[in-house]
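Step one of this worksheet: look at the structure below.
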Amino acid sequence: MIRLENIVKKYGDNIVLDNFSLELSRGERLAIMGESGCGKTTLLRIIAGLTEADGGEISRNGDISYMFQEPRLLPWKTAEENVCAVLGKKNFPLAQRYLSLVGLADANKKYPRELSGGMAQRVAFARFLAFAEETGADILLLDEPFSALDSETEAQMLNILLDFAADKTVILVTHDDDTAQKLGGMVVKM
Amino acid sequence: MIKKALKTLLIILFWLCVWQGLSMIVGLELLLPSPIRTLKRLFELAGTLSFYGIILRSLARILIGTAAAVALGVALAILTARFKLLHDFVSPLMTVIKAIPVASFIVLLLLWMGRDILPSIISALIVLPIVWTSVETGILQTDKSLLEMARVYKMSPWGKVRHIYVPATLPYFVSALNSSLGLAWKAGIAAEVLALPAIAIGKQIYESKLYIETVDLFAWTLTVILISLVIEKLIVFAIRKATSSKMILEVAHDKA
């Protein structure tokens, strides 16, 4: 489903990825850990096609849903409108369903500036899930998706992800050992 | 709210008293009419039908020029934000338009075109560079991380325009309108004073000066000021209604 072969990425003289190879089949899960600046986000961005590699080959089959490290919410739209903005027309029920699922049913009319960092991250998570459901995305890429959450909420969100991604390929970047283990797949330390 | 209105009223009253005091010191209505005499004359003028006809003709002329410049400025901004080479061609032209004194434009254009259309062109020349610069800046400063988010979530080009570009650029657009409309109105009236179209506020001001009717000059000037204030309030109100999202204007306020 995802195949990376000898991927190279440099920023100036700094080689971030040096002949990195990886192969993941459908339904496999991978947690990527490592120090800040070691290339975790770059790797995820290369897989998503947001950053070009300087060398190597990439192949992937399937649609992608991607969750950024920062919420990246539209400041002029409510939580509900933020989720709807990436969905097709008349998909408010889907947006509401996922906002409820992440525990934000009461906050759907709030603007990003009225949300805490953790709530904004959950809105972004709801958007990510709703988009994946609508498009049938089978590759889920998450870049430190729960970094702003307390441990209890993080565990709840991880459970939602595990239920949702039963037969999907998941790559999750995290700093947290526990989260990496709970994902239940391979763990790569970069 | 009431406290703020009362404060504004008191400040206006203070300046009216200063005006009245100066007028009494000068002691000659021909040089400096009193506010009471000016208001009285304004009410007399407002009681005639021709007063409204004159205002409407001036308004129409200047608003047509302004609207055309806004449309052209926005369209040009979209294109120049997209094509750098076009920006490089348009930019010096806008700099020249901004730098040329309005009086030079008026005299020059009087040689080339009819006196009726001149105030429209002058208003347009005032508004165009301001709208173009602001809207282009707004488009170019659109948050790249939001555009990347839109790309990841496969937002359509129209979706990007509607959900990201328009709300991100609107504060710049509102700010451009706020700063250019007053100028366009004043420059348009100045053009009327020199071009003398048949029915125009500018012509009334010119004739007041010609026949040394200082009270009329003050009454018409006061009319210009009042219309300028009304236009400004109406535009901001219309944009607020059109956007329907108070958050966009709050973001605009933050940016300002």
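Since every read-out is calculated from the coordinates, none of them should be taken as a lab result. Owing to the predicted nature of the structure, the values given are computational and were not obtained by experimental measurement. Quick reminder, even Gly has a Cβ in these numbers, built from the backbone with ideal geometry, and neighbours come from all protein chains shown.
Looking at the stretch B:82-208, how many pairs of lysines come closer than 29 Å at the Cα, when each pair is eight or more places apart or spans two chains? Within the stretch B:82-208, the lysine pair count is 9.
Taking Cβ atoms as reference points and 15 Å as the exclusive limit, the residues near B:Leu194 contribute a net charge of +2, counting Lys and Arg as +1 and Asp and Glu as -1. Seen from a random direction on average, the alpha-carbon convex hull of chain B projects onto 17.3 square nanometres.
Taking chymotrypsin sites (Phe, Trp or Tyr not before Pro) across the stretch B:4-83, the ones in a DSSP loop with at most 13 further Cβ atoms lying within 10 angstrom of their Cβ are B:Phe83. Taking the longest Cα principal axis of chain B as reference, the axis of helix B:246-255 is set at about 80 degrees. Dividing the mean sequence gap of close Cα pairs (under 8 Å, 6+ apart) by how many residues the stretch A:74-135 holds gives a relative contact order of 46 percent. Averaging 1/r over every pair of different alpha carbons in the stretch B:87-203 and inverting the result gives a Kirkwood radius of 16.3 Å.
With each label modelled as a point 7 angstrom along the Cα→C-beta vector, the B:Ile36-B:Asp116 pair spans 4.4 nm. Exposed loop sites here are GluC sites (Glu not before Pro) assigned a DSSP state other than H, G, I, E or B and surrounded by at most 14 other beta carbons within 10 Å; excluding them, the longest clear run of chain A is A:53-190. Only one residue of B:Val152, B:His163, B:Met24 has its Cα farthest out toward the positive end of the dipole of the stretch B:18-164, where Lys and Arg carry +1 and Asp and Glu -1 on Cβ, and that residue is B:Val152. Hey, got a sec? Which trypsin sites (Lys or Arg not before Pro) in the stretch A:61-114 land in a DSSP loop and have at most 16 other Cβ atoms within 10 Å? For trypsin sites (Lys or Arg not before Pro) across the stretch A:61-114 that sit outside H, G, I, E and B with at most 16 neighbouring Cβ atoms in 10 Å, the list reads A:Lys89, A:Lys90, A:Lys109, A:Lys110. Summing +1 for each Lys or Arg and -1 for each Asp or Glu among the other residues whose beta-carbon sits under 10 angstrom from that of A:Glu57 gives 0. With each label modelled as a point 7 angstrom along the Cα→C-beta vector, the B:Ser145-B:Thr95 pair spans 3.4 nm.
Loop-located trypsin sites (Lys or Arg not before Pro) in the stretch B:93-169 (DSSP state not H, G, I, E or B) with no more than 15 neighbouring Cβ atoms inside 10 Å: B:Lys154.
By the equivalent-ellipsoid construction on the alpha carbon gyration tensor, the stretch A:1-152 comes out with semi-axes of 31, 18, 13 Å, ordered largest to smallest. With helices as the sole contributors, the protein assembly as shown gives -20500 deg cm²/dmol at 222 nm; each DSSP H run of n ≥ 4 counts as -39500 (n - 2.57), and the sum is divided by every residue.
Expressed as a fraction of 2.2 N^0.38 Å, the value expected for a compact globular protein of N residues, the C-alpha radius of gyration of the stretch A:74-135 is 0.96.
Could you grab the relative contact order for the stretch A:52-190? Cα pairs under 8 Å, six or more apart, rounded to a whole percent. Averaging sequence separation for qualifying contacts and normalising by length gives 29 percent for the stretch A:52-190. One equal scatterer on each Cα of the stretch A:132-190, no solvent, Debye formula: the resulting log10 I(q)/I(0) at q = 0.19, 0.26, 0.27 Å⁻¹ is -0.69, -1.24, -1.31.
For chain B, the longest principal axis of the alpha carbon atoms and the long axis of helix B:35-46 meet at an angle near 70°. Farthest towards the positive end of the charge dipole of the stretch A:74-135, among the residues A:Val86, A:Gly103, A:Ala126, is the Cα of A:Val86, using unit charges on the Cβ of Lys, Arg, Asp and Glu. With a cut-off of 12 Å between beta carbons, the residues surrounding B:Arg151 carry a summed charge of +4, where Lys and Arg count +1 and Asp and Glu -1. The angle separating the long axis of helix B:49-82 from the principal Cα axis of greatest extent in chain B is about 20 degrees. For chain A, the number of Lys pairs with C-alpha atoms closer than 19 Å, counting only pairs eight or more positions apart or on separate chains, is 12.
Convex hull volume of the C-alpha atoms in the stretch B:30-155, normalised per residue: 207 Å³. Only Cα sites of the protein assembly as shown enter the Debye sum here, all with the same form factor; the resulting log10 I(q)/I(0) across q = 0.09, 0.11, 0.13, 0.14 1/Å is -0.75, -0.93, -1.13, -1.25, listed in q order.
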